[in-house]
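What follows is a set of notes on a single structure, which appears directly below.
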Amino acid sequence: MAQERSSGSGRRRGSWLILLGLVVLAAWLGWLLFKGSRVATHLDRIKMLVAEAQQLGASEGQAALTSPDKLGVLCGRVTAIESELDGLAREGEIFLDLAPFLAWLPRYGYDLQSAPQLLSMVRETLAAGTVLCEIGQRTLPQVDFGAIQPPAAIRIVQEQSGRFRLARERVDRALAQRAGVDSFRLSAELAEPLAKFDRAIGRLAVALRAAELAPSFLGAERSRVYLILAQNEDELRPTGGFISAAGHVRLENGYVTEIDIADSYSFDDFSKPYPWPPYPLYEYMAADYWLLRDANWSPDFPSTAETAAGLYLLSTGVEVDGVIALDQAALEYLLEGIGPVEVSGESGGVWVSADNLTLWMQNNWAPAPGQAQDRSWWAQRKSFISELAAALLKRVQGGANLSPTSLLQAILRALEEKHLLIYDRRPETAKLLYDLGWDGHIDRSDGDYFMAVEANVSFNKASGRIGRSLDYSISLNHDGGGDVTVELRYQHRGHNPVDFCDPTPRYDAVYSAMMDRCYWNYLRLIVPSDAELLSFPPIVVPGAYLLRGRASDDGMAVEKVNEVRQSWGQLFLLAPGENAVLKYSYRIPAGTARKVEDHWQYRLVLQKQPGLRALPVLLNVRLPDGMPFLGSDPQPTLVEGQSLRYELELSGDQVIRVDYGH
């Protein structure tokens with residue numbers, strides 16, 4: 001009997017415990033639902049505030065950043081979003097703690113796992129935005145953006161340098177959080193907006209680092225002297241084009257206080273001990289000296305810049321702090337940013353814009369009707385370059401009705417597309433330019449790499465008539481090595497076919513006629529230093545077509561570019577109307593593709609040669625059998641089994657990353 005009572009009492013206690021557990025569970029679930037509803041409320045508010053900020057930016061444009069009142073409204077939205085995110089983090093703390101354990105869920109598991117990092121990334125970005133708002137609200141009341149002068153802009157940047165540095169640190173933290181999230185594993189719903197975020201924060205990071213660089217570069221502490229190299233993309237050379245004109249500018253507190261630009265031939269002084277030229281210039285252009293106009297032989301612009309600075313010092317006695325190179329595309333972008341300029345010349349003023357720049361330059365190069373191509377013409381044939389430089393300088397330094405935002409966008413575009421290259425001899429500035437990719441250096445990172453570099457080694461402008469494209473195919477092995485096939489396709493779109501390619505240096509009366517000549521192209525393939533060349537086209541250019549009368553070699557010239565890159569070079573000749581397909585095969589060693597955590601990753605850097613507007617690229621990647629494709633950035637155009645196809649248009653350098661296998 002006592003035993004029955006004890007048993008019944010135990011059952012009752014067990015029932016009460018179960019009931020108590022159910023009550024606690026229900027309360028916990030209710031609390032979770034309550035927290036979830038609070039989180040949802042914060043998310044809804046954030047979406048609304050973001051939409052309002054985007055609408056304000058779209059409707060007001062530049063005024064949203066340059067008008068104190070409108071900036072105040074925009075910054076109010078940023079502050080409100082930041083407050084809602086703080087609330088979201090508080091209310092969603094339990095969910096964020098659980099997030100790392102939810103990766104197993106289908107489709108959205110990795111989204112949930114990455115939530116803490118993504119939230120931290122956004123909060124750091126907004127914190128940077130708040131700092132920038134403080135800068136804007138402190139400085140805008142003092143600034144007339146329609147007439148701001150360089151010293152005033154420099155002073156503002158210097159006064160706010162601490163806040164700019166704080167904003168950059170916040171952005172760096174955001175980027176560090178972003179680096180821990182693999183876009184390939186995210187759902188499409190999250191990957192797409194994150195890609196937009198990547199582009200935006202990338203531009204912000206560049207702008208903040210440029211703000212650190214600007215005062216010193218513009219001569220805030222002391223005057224700075226920069227060598228200017230005006231490169232002609234119609235006569236393509238490794239860093240952008242034949243150096244048609246050169247000279248130096250002196251910058252003091254944002255102003256150009258001295259400018260001296262002249263025909264590059266005017267710097268020749270054969271009484272000076274010029275060094276021997278690189279072999280292809282000696283052999284194919286009959287150059288017996290290495291002169292300033294041919295200084296840009298190295299495809300690595302910092303190396304070219306040092307060569308050019310040394311030759312300029314030898315010719316003029318002027319020591320420079322850095323080197324700036326630009327081509328016609330950079331000038332077009334600049335004119336798009338600042339608007340047309342009036343260029344004064346012997347025949348009066350002419351308005352030059354991005355639309356008529358090319359035609360204006362070609363017409364000014366040519367002799368006037370009835371003018372002989374004599375010494376008088378030759379001496380002044382490039383005078384329009386200095387006249388244009390003076391007009392651009394007047395427009396930029398005048399400041400009236402000039403949009404700083406448009407000007408900055410034009411400069412950034414030219415830098416990103418490698419039509420504007422900057423080298424500075426100060427180590428700290430050089431490192432910053434290197435990190436930003438603005439110094440035109442040959443990439444040194446791990447993985448696979450390719451760059452095709454042309455040099456027009458003839459006395460003409462035929463590069464402007466050449467169409468070109470690249471087919472790059474790699475078959476990866478299980479050990480991370482691979483077999484590569486490269487096909488470079490060329491089309492000479494010249495209008496006047498010729499029977500004989502005459503190498504004799506000469507000038508035509510019309511600029512376009514110099515474009516319709518044969519193309520002597522010394523081509524170099526820049527590849528990893530441990531790549532093994534297997535086959536190449538055995539091209540021989542007959543001696544009758546070369547200035548020294550000697551046929552070119554049928555092999556490939558191998559040169560070291562840097563510690564991790566080498567070049568394979570050869571000459572080929574293309575007449576107007578002709579096409580050529582140059583095919584090369586080589587092997588990259590094991591370990592080029594690497595094991596990353598639980599999978600393999602193939603990384604390819606494609607660098608575009610400065611001076612080219614764009615390079616169409618067809619990339620084919622064949623993955624090892626049995627190793628599935630996991631994802632890539634950018635996404636392939638086509639996936640067929642183990643084969644990936646990418647159709648790219650290189651306007652700048654591009655990195656391709658492919659994840660595969662397990």
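Any chance you could run the full-extension gain for Y289 through S161? It's 0.36 nm times the residue separation minus the Cα-Cα distance, nm to one decimal.
Values: separation 128, 0.36 × 128 = 46.08 nm, distance 4.68 nm.
That pair, Y289 and S161, stretches by 41.4 nm at full extension.
Evaluate the distance, in nm, between pseudo-label points positioned 7 Å from the Cα of K431 and of D355 along their respective Cα→Cβ axes.
Taking the two extended label points, one gets 4.7 nm.
Can you list which of the DSSP-assigned H helices in the chain have a Cα extent of 27 Å or more along the long axis and an average Kyte-Doolittle score of at least 0.0?
Taking the DSSP H segments of the chain (at least 27 Å long, mean hydropathy at least 0.0), we get 2-60, 115-139, 188-217.
Starting from the residue with the highest accessible area, list K583, K418 in decreasing order, probe 1.4 Å.
Ranking K583, K418 by accessible area, largest first, yields K583, K418.
Going by average Cβ neighbours within 10 Å, how do the peptides 199-205, 168-174 rank, with the highest at the top?
Values: 199-205: 14.6, 168-174: 19.0.
Top to bottom by mean Cβ count within 10 Å: 168-174, 199-205.
Mind ordering 322-334, 252-264 by average Cβ neighbours within 10 Å, highest first?
322-334, 252-264
Compute the Cα gyration tensor for the chain, then decide on rounded, prolate or oblate, letting a ≥ b ≥ c be the square roots of its eigenvalues: rounded whenever a/c is under 1.5, prolate when a/b is larger than b/c in the other cases, and oblate in all that remain.
Numbers: a/c = 2.86, a/b = 1.61, b/c = 1.77.
Oblate is the answer for the chain, as a/c is 1.5 or above yet b/c matches or exceeds a/b.
Find how many whole Å separate the alpha carbon centroid of the stretch 171-187 from the alpha carbon centroid of the stretch 414-481.
Spelled out, the Cα-based centre of one part sits 27 Å from the other.
Can you bin the stretch 563-628 into rounded, prolate or oblate? Criterion: square roots of the alpha carbon gyration tensor eigenvalues sorted a ≥ b ≥ c, rounded for a/c under 1.5, prolate for a/b above b/c, oblate for the rest. Intermediate values should be presented prior to the final figure.
Working: a/c = 2.26, a/b = 2.09, b/c = 1.08.
Cα axes put the stretch 563-628 in the prolate bin.
Counting Lys and Arg as +1 and Asp and Glu as -1, what is the net charge of the other residues whose Cβ lies under 9 Å from the Cβ of R657? Write down the numbers at each step before the final one.
Working: positive: R603; negative: D633, D659.
Around R657, the surrounding residues sum to -1.
For an R0 of 51 angstrom, estimate the FRET efficiency from the Cβ-Cβ distance between V50 and D479 and round to the nearest 0.05.
Calculated transfer efficiency: 0.60.
Share of antiparallel DSSP beta bridges in the chain, in percent to the nearest 5? Intermediate results must be reported in sequence, preceding the final value.
Numbers: 97 of 111 bridges.
So the antiparallel bridges in the chain amount to around 85 percent.
Could you work out how far apart the two model spin labels at S266 and E342 are, taking each label as a point 7 Å from the Cα in the direction of the beta carbon, and quote it in nm?
2.5 nm
What are the semi-axes of the equivalent ellipsoid for the stretch 106-221, taken as the square roots of 5 times the Cα gyration tensor eigenvalues, largest first, in whole Å?
One finds semi-axes of 35, 13, 12 Å for the stretch 106-221.
If packing is taken as the average count of other Cβ atoms within 10 Å, what order do 648-655, 537-544, 474-481 fall into, highest mean first?
Numbers: 648-655: 16.2, 537-544: 13.8, 474-481: 18.1.
Peptide ranking by packing, descending: 474-481, 648-655, 537-544.
What ranking of K196, K47, K608 comes out by heavy-atom accessible area, probe 1.4 Å, highest first?
K47, K196, K608
The values are calculated or read from the model by the stated rules, or taken from the named source; none is laboratory data. Owing to the predicted nature of the structure, the values given are computational and were not obtained by experimental measurement. Quick reminder, even Gly has a Cβ in these numbers, built from the backbone with ideal geometry, and neighbours come from all protein chains shown. Remember, those area values only see protein heavy atoms, side chains included, never the ligands or the DNA or RNA. Shrake-Rupley method; radii C 1.70, N 1.55, O 1.52, S 1.80 Å.
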